[in-house]
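Novice: First, the structure itself, so that you have it in front of you.
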Amino acid sequence: MKRATLWLSSIAVAALMAGANAQIYTYTATGPFNIPGAGTSGPASVYPITFNVSDSGNVAWVAITLGGLSHTWFDDIDALLVSPAGTAVLFLSDAGGGSDPNGDYTFRDDISLSAIPDLSYAAPGTYNTSSYGTGDTFPAPAPAGPYGGSLTLFLGENITGTWSLYIYDDAGGDLGSMQFATLTIAVPEPASMVVLGAG
């Protein structure tokens, strides 16, 4: 029987170890932000919401919080996070059905977390990326699709620069708002950076 050998890059190792040894940075944009900004469909009243990150380091993990989120039809909300490097992740789309979100919703890719259901209510809390369906588009200045579906795509990127949050209401007839948005980024501390051979 052949023996399988697993090689991890130094970036992957740093990410695995960062849970215990990480510097956590948080950046908050304060609203309120209307969803949509006008009428009953279209971009939010601030588009994009931006986080200007002056700290440095490489991403171990990223979380994004939609704070004080309310809407009369959860399924209408599409949310896209774009890094300074241009990586675009659609972390919320067509989730929650016709329910009314009311509270703080945080998204972070973690195998211990569940996604917001496709067609039913989800209480405020922390969830995995929650995107359903295909072909979602955002108007300029958002980048064109297709978009990634996992916040892990930011792994290893330099955090410095402007991160952009695009929120779009993709159907008419319902309204909502958000009170704040928070970007949380973990960066491995130097002591946690154990370098193995890249494979």
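The values are calculated or read from the model by the stated rules, or taken from the named source; none is laboratory data. Here the structure is a predicted model, which means the values were calculated and not measured. FYI the Cβ positions are ideal-geometry reconstructions off the backbone, even for glycines, and counts take in every protein chain you see. Only protein heavy atoms, including side chains, enter the accessible area calculation; ligands, DNA and RNA are left aside. Shrake-Rupley method; radii C 1.70, N 1.55, O 1.52, S 1.80 Å.
Novice: Any idea how many residues of segment 148-171 are within 21 Å of Gly37 (Cβ to Cβ) and open to solvent by less than 50 Å² (accessible area, probe 1.4 Å)?
Specialist: Of the residues in segment 148-171, 7 are within 21 Å of Gly37 (Cβ to Cβ) and open to solvent by less than 50 Å² (accessible area, probe 1.4 Å).
Novice: Would you mention how many residues in segment 100-132 are outside any loop (DSSP other than H, G, I, E, B), of a type in the set (Gly, Ala, Ser) and within 16 Å of the chain's Cα centre (by Cα)?
Specialist: 3
Novice: Out of Val13, Val53, Val59, Val46, I need the residue that is surrounded by fewer than 22 Cβ atoms within 10 Å (Cβ to Cβ), of a type in the set (A, V, I, L, M, F, W, C), more than 23 Å from Phe138 (Cα to Cα) and at pLDDT 95 or above. Which one?
Specialist: Exactly one residue qualifies, and that residue is Val53.
Novice: State whether the residues of segment 86-94 include one that is at pLDDT 95 or above, part of a loop (DSSP other than H, G, I, E, B), in contact with a Phe, Trp or Tyr (Cβ under 9 Å, 6 or more places away or on another chain) and β-branched (Val, Ile, Thr).
Specialist: Yes, segment 86-94 contains at least one residue that is at pLDDT 95 or above, part of a loop (DSSP other than H, G, I, E, B), in contact with a Phe, Trp or Tyr (Cβ under 9 Å, 6 or more places away or on another chain) and β-branched (Val, Ile, Thr).
Novice: Quick one: in segment 160-175, which of the residues that are over 17 Å from Pro48 (Cβ atoms) and out of contact with any helix residue (DSSP H, G or I) (no Cβ under 7 Å at 6 or more places or on another chain) is modelled with the lowest pLDDT?
Specialist: The qualifying residue modelled with the lowest pLDDT is Gly172.
Novice: Before we move on, is Gly97 open to solvent by 30 Å² or more (accessible area, probe 1.4 Å), assigned to a loop (DSSP other than H, G, I, E, B), more than 19 Å from Phe33 (Cβ to Cβ) and at pLDDT below 95?
Specialist: Spelling it out, it is not the case that Gly97 is open to solvent by 30 Å² or more (accessible area, probe 1.4 Å), assigned to a loop (DSSP other than H, G, I, E, B), more than 19 Å from Phe33 (Cβ to Cβ) and at pLDDT below 95.
Novice: Here is a follow-up. Among the residues of segment 133-147, are any open to solvent by less than 20 Å² (accessible area, probe 1.4 Å), outside any loop (DSSP other than H, G, I, E, B) and modelled with pLDDT of 95 or more?
Specialist: Within segment 133-147, not a single residue is open to solvent by less than 20 Å² (accessible area, probe 1.4 Å), outside any loop (DSSP other than H, G, I, E, B) and modelled with pLDDT of 95 or more.
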